[in-house]
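The structure appears below as structure tokens.
The values are calculated or read from the model by the stated rules, or taken from the named source; none is laboratory data. Nothing here was measured: the structure is a model prediction, and the numbers come from that model. Cβ atoms come from the backbone with ideal geometry, glycine included; neighbour counts cover every protein chain shown.
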Amino acid sequence: RIGLARVLLSEPELLVMDEPTNHLDAAARRWLADYVSEYEGTVLVVSHDAAFVDVACDSIADVEGGRLTTYPKTSLGKVEALKEERRRAAAAAVEKQRREEQRLQAVVNKWENVDRSKAAGARQALSKLATEQAAAEAEVLSTRKRPRLQLAEPPRCGELPLALRGANVAPAVGQAAIVLGVELEVRRGQRLVLRGPNGVGKSTLLRALSGALPLAAGERREDERLALGIFAQDLAQELPQGAVALEYVASAVRQGGGSAVTDERCRGTLGALGISGDKALRRIGSLSGGEKARVALATFCLTPCNVLLFDEPTNHLDQGAILALLAALEAYEGALVVVSHDRAFC
């Protein structure tokens with residue numbers, strides 16, 4: 001946030017920002033969107049934050065399938081609607097062309113040994129049709145498929161898998177507590193969001209709940225069958241950069257209790273998140289920030305847990321991955337505790 005403030009105060013003619021709303025709370029996101037919308041210079045933004053983009057930007061350049069398409073004076077919602085309309089039109093064109101291909105092939109077969117001129121004309125039409133069909137199929141394939149995720153089934157546990165009693169929470173051992181007298185119960189199957197502005201101690205409280213941060217006072221209780229999963233906003237940066245993505249996911253999931261998970265299941269989950277083909281065999285350090293987040297998410301989804309802790313899970317995920325995660329969580333029967341400024345996600 002300090003770096004962002006420094007850039008804004010310099011008032012450059014060209015302001016370039018890459019996911020600027022990551023690590024901003026809701027109030028700061030709204031302020032930044034209004035600021036950018038009134039900025040007198042040129043602004044180029046990479047963002048998956050639809051609310052921010054719709055306020056701050058007056059045109060959208062969409063990168064997909066190796067192509068860049070510009071949509072002036074529009075919103076992300078309208079862009080997605082236009083793309084879906086284009087995909088449906090292309091799919092209908094492909095189907096129509098396939099029927100025409102069958103008809104022309106029947107003409108060729110009928111006149112091959114009777115009227116070669118008619119057969120030649122049909123072959124020429126088939127050749128032209130093949131070119132048109134390839135273009136239409138490319139249009140269909142270029143549209144991003146929404147990834148699908150399925151969380152591992154939660155192991156059985158007691159009615160109260162996790163709780164804090166009279167807890168004082170400090171950012172680090174020896175520092176003053178910033179959250180006092182916490183009484184918090186996480187019950188089996190419960191869905192809980194921790195909200196508030198930046199700096200009040202939400203992430204610190206989540207770390208204390210996970211057991212990663214000792215309490216300054218009070219007690220942390222956990223069920224003996226607690227299986228805890230943690231997806232933090234910077235988890236992707238903590239991955240072993242030299243490890244191969246697929247190998248890391250398989251190893252981490254098996255160490256986390258998913259001993260029956262196959263390499264094929266791991267590859268399928270990575271593929272559903274856009275890490276497919278040779279990309280799944282790359283070293284994690286060679287992947288982009290968003291791709292690293294998807295590797296972490298794949299590991300998270302495949303590891304059997306009965307309580308999931310999320311700290312700003314949408315920061316490094318695109319809209320497709322966010323929607324897939326939401327759909328998977330709707331079907332999940334374990335407990336969730338979420339720290340997030342993303343109202344749509346909550």
Exercise. Quick check: anything in region 292-308 farther than 20 Å from Leu228 by Cα and basic (Lys, Arg)?
Worked result: yes
For this session: Might you check whether a residue that is touching a helix residue (DSSP H, G or I) at 6+ places or on another chain (Cβ under 6 Å), within 30 Å of Ala163 (Cβ to Cβ) and crowded, with 22+ Cβ neighbours inside 10 Å occurs anywhere in region 241-248?
Result: no
For this session: Please determine, by comparing only the residues of region 305-325 that are in a loop (DSSP other than H, G, I, E, B) and in contact with a helix residue (DSSP H, G or I) (Cβ under 9 Å, 6 or more places away or on another chain), which one is surrounded by the most Cβ atoms within 10 Å (Cβ to Cβ).
Result: Pro313
Problem set entry | Those residues of region 210-221 which are over 25 Å from the mean Cα position of the chain (by Cα) and in contact (Cβ under 8 Å) with a residue 24 or more places away in the chain, in sequence order | Leu213, Pro214, Leu215, Ala216, Ala217, Gly218, Glu219, Arg220, Arg221
Exercise. Within the set of pairs 6+ apart or on separate chains, which have a first residue in region 14-32 that is within 14 Å of Val55 (Cβ to Cβ) and part of a loop (DSSP other than H, G, I, E, B), a second that is modelled with pLDDT of 90 or more and of a type in the set (Val, Ile, Thr), and C-beta atoms under 8 Å apart?
Worked result: Pro20/Val45
Seminar exercise, completed: How many residues of region 10-33 are aliphatic (A, V, I, L, M), at pLDDT 90 or above and surrounded by fewer than 16 Cβ atoms within 10 Å (Cβ to Cβ)? The answer is 2
Exercise. Within the group Ala92, Ala81, which residue is closer than 22 Å to Ala321 by Cα, loosely packed, with under 14 Cβ neighbours inside 10 Å, in the same structural domain as Ala125 (by the TED database) and without any contact (Cβ under 8 Å) to a residue 24 or more places away in the chain?
Worked result: Ala81
Seminar exercise, completed: Exactly one of Asp54, Asp25 is closer than 29 Å to Pro313 by Cβ and touching a His at 6+ places or on another chain (Cβ under 6 Å), and that one is Asp25
Problem set entry | Exclusive hit being closer than 23 Å to Asn198 by Cα, at pLDDT 90 or above and within 18 Å of the chain's Cα centre (by Cα), set Val46, Val36, Val7 | Val46
For this session: Identify, by number, the condition in (1) more than 21 Å from Ala212 (Cβ to Cβ); (2) in contact (Cβ under 8 Å) with a residue 40 or more places away in the chain that Pro304 doesn't meet.
Result: (1)
Exercise. Filter region 329-343 for residues that are in contact (Cβ under 8 Å) with a residue 40 or more places away in the chain and surrounded by fewer than 17 Cβ atoms within 10 Å (Cβ to Cβ); which is nearest to Thr204 (Cα to Cα)?
Worked result: Arg343
For this session: Count, please, the residues in region 181-195 that happen to be free of Cβ contacts under 8 Å to residues at least 40 places away in the same chain and surrounded by 14 or more Cβ atoms within 10 Å (Cβ to Cβ).
Result: 3
